[in-house]
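Here's the structure we're looking at; comments come further down.
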Amino acid sequence: MKPQPISRRQFVGSSVLGAAALVAGRALAAPAATGKKLPIAVQLYSVRDACGKDFNGALAALAKMGFAGVEFAGYHSYTGKAKELRSKLDELGLKAAATHIGSGSLRGDALQKAIEFHQLLGCKYLIVPGDADFTNPEKSQALAEFFNETAAALKPHGMACGYHNHTDEFAKIGDTNHWELFAARTSKDVILQVDCGWATDAGQDCVDLMKRHAGRMKVVHIKPTVIKNEAGKKAIFGQDSVNWGPVLTACREFGGTEWLTLEQEVYPDGKTSMECTALSLAALTKCL
């Protein structure tokens, strides 16, 4: 069985630990709440070049780096081979935190195949990282209903579906925006995977988002992001534009968050994807 390859917008997923960066004071301005320990996963799009060249080697390097889990963006040499991939994850001590999957893989007969594949993988959160219907006024209602139906079908299996934002989802529609409209139209069983980097870039307050949609952000994207007109910032956790301290506190207090998923989309200073991911992981770990 072959789950449909997915994209990060148009990415098809078949394709050293560095020294810890100094964490900007802004990132530590509000300490994360004590208590619940939130494990850190990595969205594999972060190291898409390494995954495309040597997927097993990339997974091993990420495990050695200290990640507890991975969020998939395609399965490379393991497409259709859930048992083998699960064996590799177990060997490396990694969990399947979630996956990014095209909405087509959740429709019709494909849904059962997706359920079977991801149950074997131990992956319960199936997240769609973009769908053109989301911001289409004539089709968004039907898309929300599709997510409700899919969530209901997944629930008996201990699984759930959800949606991942970029910036377009926060565009205004009437007196609200597409994200809030989707949230209102969907049940609480549908995950709202907030990407804190993109949301911040769209002018959103991530803490407010978590308060308004408490319990629906099971897997949160920690994406170091530099917004416009912030010279001197770098897309490394703690050196970027997001005020992470309050966000991490909100994940514990409001989000119902089970995983913090680091996504290193930009590689500053000519560093490799692995080097930048390691720097952000070290700074995030220090902040926690």
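Need pairs with beta-carbon distance below 6 Å; first residue at negative phi and within region 190-213, second at pLDDT below 95 and buried (at least 19 other Cβ atoms within 10 Å of the Cβ); sequence gap 6+ or separate chains.
Qualifying pairs under 6 Å: M210/F254; M210/G255; K211/F254.
Looking only at residues in region 246-287 that are in a loop (DSSP other than H, G, I, E, B) and among the acidic types (D, E), which one is nearest to the chain's Cα centre (by Cα)?
E263
Which residue out of V42, V47 is part of a helix (DSSP H, G or I) and either of a type in the set (V, I, T) or at pLDDT below 95 (or both)?
V47
So how many residues does region 150-192 have that are small (G, A, S) and part of a helix (DSSP H, G or I)?
5
Scan region 57-71 residue by residue and report those that are in contact with a Phe, Trp or Tyr (Cβ under 9 Å, 6 or more places away or on another chain) and not in a loop (DSSP other than H, G, I, E, B).
Hits for region 57-71 are G69, E71.
Does T225 count as under 25 Å from G162 (Cα atoms), touching an Asp or Glu at 6+ places or on another chain (Cβ under 8 Å), part of a loop (DSSP other than H, G, I, E, B) and not aromatic (F, W, Y)?
yes
Could you tell me which residue of region 139-157 is farthest from Q119 (Cα to Cα), considering only residues that are among the small types (G, A, S) and over 19 Å from the mean Cα position of the chain (by Cα)?
Top of the filtered list is S140.
Only residues that are within 18 Å of Q204 (Cβ to Cβ) and crowded, with 19+ Cβ neighbours inside 10 Å: list them for region 247-259, please.
Those that are within 18 Å of Q204 (Cβ to Cβ) and crowded, with 19+ Cβ neighbours inside 10 Å: V247, L248, A250, C251, F254, G255, T257.
The values are calculated or read from the model by the stated rules, or taken from the named source; none is laboratory data. Remember, predicted model here, so these are calculated numbers, not experimental data. Ideal geometry is used to build each Cβ from the backbone, glycine not excepted, and the neighbour counts take in all protein chains shown.
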